[in-house]
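The next block holds one structure in the form of structure tokens; read it before the comments.
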Amino acid sequence: MSRHRAPRDRRRRARILRAVLAGGIVFGVGATATMAAWNDSEVATGSFAASVFDTESQSAGSPTYASRPTAPGATLSFAATGMSPGVSHYAWLNVRTTTATTVAGDVSLTGVTNNSGGLVAALEYRAVRMTAPNPTATCAAAAFTGTPAYIAGGASSWLPVASVPGTPVASPVAAAGGAIGLCFEVRVVNGAANSYQGQSATVTWQFTAASSN
């Protein structure tokens, strides 16, 4: 009898073991499910807008303020059709930011282009930032007396008309219509050769404006 009962006992224990293992698997899955947590999230959005910086110019020969980024630009009225050595001629230029401009900046004399004519080599110049735009300030010999803010040349120095300072001089300009006045003084160099008589010249100065922010 004992020999017949042993196999049955083994089969019974195997069924019990399988039932226990199955229960353990079910229990393990249930335990994992109970470990889940509540979830939530937060988000943030930023808004951005670029500043605006734009300039325009005005001169006696171009009296309406306008953007003039290419040659010939504003017309400088030197009244210099009969120049003689050592005699100065003057012309003013106003530069301002547009009313839509939201940041301040600087204006610098950075280049000379479109030089033409036989008189170019005999011309020299200097330029200052006036105390105010024209007509509040006048572009004449008095603008170069005292201690003006030179943007080209100096109290006793001149530059060839086809050159600019090696280090540009920045003139600050305010936002939203801030304006500056510039005054140029040009003359035929003292001691110029007689061969320059009757010659003419055209010179275009270039200014670079950059926002400060």
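The values are calculated or read from the model by the stated rules, or taken from the named source; none is laboratory data. Since we're looking at a predicted model, the values are computed, not measured. Here Cβ is always computed from backbone atoms with ideal geometry, including for glycine, and neighbour counts include all displayed protein chains. To get the accessible areas, we keep the full protein, side chains included, count just its heavy atoms, and leave off ligands, DNA and RNA. Shrake-Rupley method; radii C 1.70, N 1.55, O 1.52, S 1.80 Å.
Data for the structure
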item: Set Ala74, Ala14, Ala50, Ala19: member being modelled with pLDDT of 95 or more and surrounded by 10 or more Cβ atoms within 10 Å (Cβ to Cβ); result: Ala74
item: Filter result (touching a Gly at 6+ places or on another chain (Cβ under 8 Å) and open to solvent by less than 50 Å² (accessible area, probe 1.4 Å)) within the range 135-164; result: Ala137, Cys139, Leu159, Val164
item: Selection from the range 77-98 of residues that are open to solvent by 30 Å² or more (accessible area, probe 1.4 Å) and either farther than 30 Å from Asn194 by Cα or acidic (Asp, Glu) (or both); result: Arg96
item: Of the criteria (1) modelled with pLDDT under 95; (2) in a loop (DSSP other than H, G, I, E, B), which one Pro165 fails; result: (1)
item: Residues of the range 191-213 satisfying the condition of being assigned to a loop (DSSP other than H, G, I, E, B) and over 16 Å from Val107 (Cα atoms); result: Gly191, Ala192, Ala193, Gln197, Gly198, Gln199, Ser200, Ala201
